[in-house]
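The structure under discussion appears below in the form of structure tokens.
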Amino acid sequence: MPEEPCQCQDCVRFYREHDRLIREFPTLRKQQEINWAALQSFRTLCGRVLEDLQKKLNSNSSNQAEENSQTWNKEKKDKSITTVISDLENINAYLFSVEALMERVFDVKVPDEVEDKFREIAGELAPDPLNIDRLRLNRLLHQTPDLPDK
């Protein structure tokens, strides 16, 4: 197991987004709100795509009765759409479950002193990437040759 975090494009993008969310939403309340908004936007988008695909499938079914040519290709495409619809319905069910759990997270309220502690820890976990000290440290680290594997 490597000691260094993965540096593939997806992971690096995740680390940046992770740190940005900590910097921009450094309190419990702000984290609750951003997570709720992300969940709701995911449900809205997923639900709308699901509706569109269901309309398309229903439209294809009614058109298929009129057009019997190329039936095999249409059936294959309809089966693919049906599979995607099923997957999206499962995702929506999971999102409803997560929403129920998130409602419990909103029940938690902490005093201002604890919110201040959240801000303090957030600054340690995800310092400003444009901070001059951070830029110097990054430059220094990039000039240092990698340590050999153990």
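Please treat every number below as a calculation from the coordinates, not as lab data. All of these numbers come straight from a predicted model, not from anything done at the bench. Heads up, the Cβs are rebuilt from the backbone with ideal geometry, glycines too, and the neighbour counts pull from every protein chain shown.
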**Request:** Rank the residues TYR94, TYR15 as a footprinting-exposure proxy: fewest other Cβ atoms within 10 Å of their Cβ go first.
**Result:** TYR94, TYR15
**Request:** Please work out how many pairs of lysine residues in the range 9-125 are eight or more positions apart (or on different chains) and have Cα atoms closer than 24 angstrom.
**Result:** 11
**Request:** Subtracting the Cα-Cα distance from 0.36 nm times the residue separation, let me have the gained length for ASP19 to VAL105 in nm, one decimal.
**Result:** 28.8 nm
**Item:** Theoretical gain in end-to-end length, GLU120 to GLN31 [0.36 nm per residue, Cα-Cα removed]
**Value:** 30.6 nm
**Asked** What's the local net charge at TRP36, with K and R +1, D and E -1, over the other residues with C-beta under 10 Å away?
**Response** -3
**Complete:** Length gained, GLN7-SER86, 0.36 nm per residue minus C-alpha separation, equals 25.0 nm
**Prompt:** Can you give the convex hull volume per residue for the Cα atoms of the range 9-125, as a whole number of Å³?
**Reply:** 114 Å³
**Request:** May I ask you to order 113-121, 24-32 by the average number of other C-beta atoms within 10 Å around their residues, highest value first?
**Result:** 24-32, 113-121
